[in-house]
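The values are calculated or read from the model by the stated rules, or taken from the named source; none is laboratory data. The model shown is predicted, which means the values in this text are computed figures rather than measured ones. Counting neighbours? That spans all protein chains shown, and the Cβs are built from the backbone with ideal geometry, glycine included. Quick note on the areas: whole protein, heavy atoms, side chains included, nothing else; ligands and nucleic acids left out. Shrake-Rupley method; radii C 1.70, N 1.55, O 1.52, S 1.80 Å.
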Amino acid sequence: MPGVGAGPIAGRVLVVEDEAALANVLVTYLEREGFEIEVCGDGAEALARASEREPDVVLLDLGLPGLDGVEVCRRLRTFSDCYVVIVTARVDEVDRLIGLAVGADDYVTKPFSPREVVARVQAMMRRPRVRRDVAPAADAGSTGVLEVGSLRIDPDARETSVGGVPVDLTRTEFDVLAALVGHPRRAWSRADLTAEVWGDDWFGDPHLIDVHIGNIRRKLGDDATEPTFIRTIRGYGYRLGPCA
Ligand code: CA
């Protein structure tokens, strides 16, 4: 496996959590798995650290003093494409949906099992490596650009545009869309699409995919009731929509 002999660091994680006891638990578990950890308990400091250290994953508590987690995530997205996992004490839907709408990739609710959090972080770390290293288009010598109607996706550059206008997708949103566009005739079950993006052993909320699809549609200007790009298959999942 590439990288294993090069060093023990599994990835850099920034833990943004104002409860010291909770932060310590996360640090203990993540360090045990070889992650390099930084901790801060304040939103403004989190942004400074993130821009300085370029973490692979940010574990972001939503309930922070001062600048709250949603605002931290929104600002983080203006300069970083690190993975963001929201940690929230509020179990109501609105809280997590807002977090995901501003660019988070996944979420866990408090109280959480530290092992589960570690597993989620590891799942994130596996994703980009697999997808970048096994880019078949590069080997085939083609540009790999996928076009469906006015939608254009470049998997190598990880760029998306509609009608020539760039669309700013998060890494997770891009991977979901690339899976759909890469298999234009395939109807994806939620489980299969989730496994394609997060890996087979991911065990989060099965409806996370719906939230990301919602974000993608909004950014593409697609209408769920009359889709151009992504069609919902009721009770099953999604496929690339009718494209004129
Ligand atoms: Ca808190």
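Residue pairs whose Cβ atoms lie under 9 Å apart, sitting 6 or more positions apart in sequence or on different chains, and linking a residue in region 167-193 that is touching a residue at least 60 places away in the same chain (Cβ under 8 Å) and within 19 Å of H207 (Cα to Cα) to a partner that is open to solvent by 60 Å² or more (accessible area, probe 1.4 Å) and not aromatic (F, W, Y), are T170/D81; R171/D81; R171/R158; L180/R186. Taken over region 25-44, the criterion of being away from the ligand (no atom under 14 Å from the Cβ) and surrounded by fewer than 21 Cβ atoms within 10 Å (Cβ to Cβ) is satisfied by V27, T28, Y29, E31, R32, E33, G34, E36, I37, E38, A44.
For residues that are part of a loop (DSSP other than H, G, I, E, B) and modelled with pLDDT under 50, scanning just region 127-174, find the one that is surrounded by the most Cβ atoms within 10 Å (Cβ to Cβ). My answer is A135. When restricted to residues that are open to solvent by less than 20 Å² (accessible area, probe 1.4 Å), touching a strand residue (DSSP E or B) at 6+ places or on another chain (Cβ under 9 Å) and closer than 25 Å to D156 by Cβ, region 195-221 contains 5. The set of residues in region 93-119 being buried (at least 22 other Cβ atoms within 10 Å of the Cβ), part of a strand (DSSP E or B) and within 16 Å of the ligand (Cβ to nearest atom) consists of Y107 alone. Going by the structure shown, is R90 surrounded by fewer than 19 Cβ atoms within 10 Å (Cβ to Cβ) and either more than 16 Å from the ligand (Cβ to nearest atom) or not polar (S, T, N, Q) (or both)? Yes.
Against the conditions (1) in contact (Cβ under 8 Å) with a residue 40 or more places away in the chain; (2) surrounded by 20 or more Cβ atoms within 10 Å (Cβ to Cβ), where does R77 fall short? Just the number, please. That leaves (2) as the condition not met.
Taken together, L22, L59 contain a single residue that is within 25 Å of D168 (Cβ to Cβ), open to solvent by less than 80 Å² (accessible area, probe 1.4 Å) and among the hydrophobic types (A, V, I, L, M, F, W, C), which is L59.
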